[in-house]
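The values are calculated or read from the model by the stated rules, or taken from the named source; none is laboratory data. The shown structure was predicted, so the numbers you read here are calculated from the model rather than taken from an experiment. Counting neighbours? That spans all protein chains shown, and the Cβs are built from the backbone with ideal geometry, glycine included. What goes into the accessible areas is simple: the full protein's heavy atoms, side chains included, and nothing from ligands, DNA or RNA. Shrake-Rupley method; radii C 1.70, N 1.55, O 1.52, S 1.80 Å.
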Amino acid sequence: MLHLARKKAAKEVARKASAKKPSPKPRPSRKRTFKTAWFSKAARKAGITDAELCEAIQEAVKGQCSDLGGSVFKKRLKRNEYRSIILAKGGGHWFYVYLFAKSDRENIEPDELDEFRRLAKIYGQKTDREISKLLKEDELIEICHENQAEIQN
């Protein structure tokens, strides 16, 4: 009997030891949303405000968008007239990178999606210091973050 109890206890210890706990992903200190310089010009021409973009990101965080895989998302904007392509970095940083009118095209092409996935990987590896540099160079514009009282326009 004692032998069976030891054997059972040893199996339990081995099972627990082999059970891999998921390693926690490093999370950014706060959620931040950016738009590229190109996107900023396109949104301005389309009459899409930063407030609308920030609201759309909150919806995307809740899953109210199309997940295209590889940290690439498609979100409808301005009463469904426009589509935006958003890249995510660990769920903490969001980057608006492309905008198109639904009347101009139905969707992005598969080769474009591949490029957006590659770009998402690049943005996903950027450090806060590299992002700060892009902000200073006006390549990125921060439009909202979770600790912000007012949205920048």
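Annotations for the structure displayed:
- Between SER103 and LYS45, the contour length at 0.36 nm per residue exceeds the Cα-Cα span by 19.4 nm.
- Dipole magnitude of the stretch 90-136, debye to nearest 20 (Cβ charges: Lys/Arg +1, Asp/Glu -1, about Cα centre): 400
- Solvent-accessible surface (1.4 angstrom probe) belonging to ASP111, in square angstrom, nearest 10: 100
- Taking all protein chains as they are arranged and a probe of 1.4 Å, the heavy atoms of LYS126 leave approximately 50 Å² accessible to solvent.
- Pairwise centroid distance, computed over Cα atoms, of the stretch 69-125 with the stretch 39-64, Å: 12
- Over 19 Å between alpha carbons, listed pairs LYS41/LYS126; LYS89/LYS133; LYS31/LYS78; LYS35/LYS74; LYS75/LYS133; LYS31/LYS89: LYS41/LYS126; LYS31/LYS78; LYS75/LYS133
- The stretch 85-132: GluC sites (Glu not before Pro) in DSSP loop, at most 15 other beta carbons within 10 Å: GLU106
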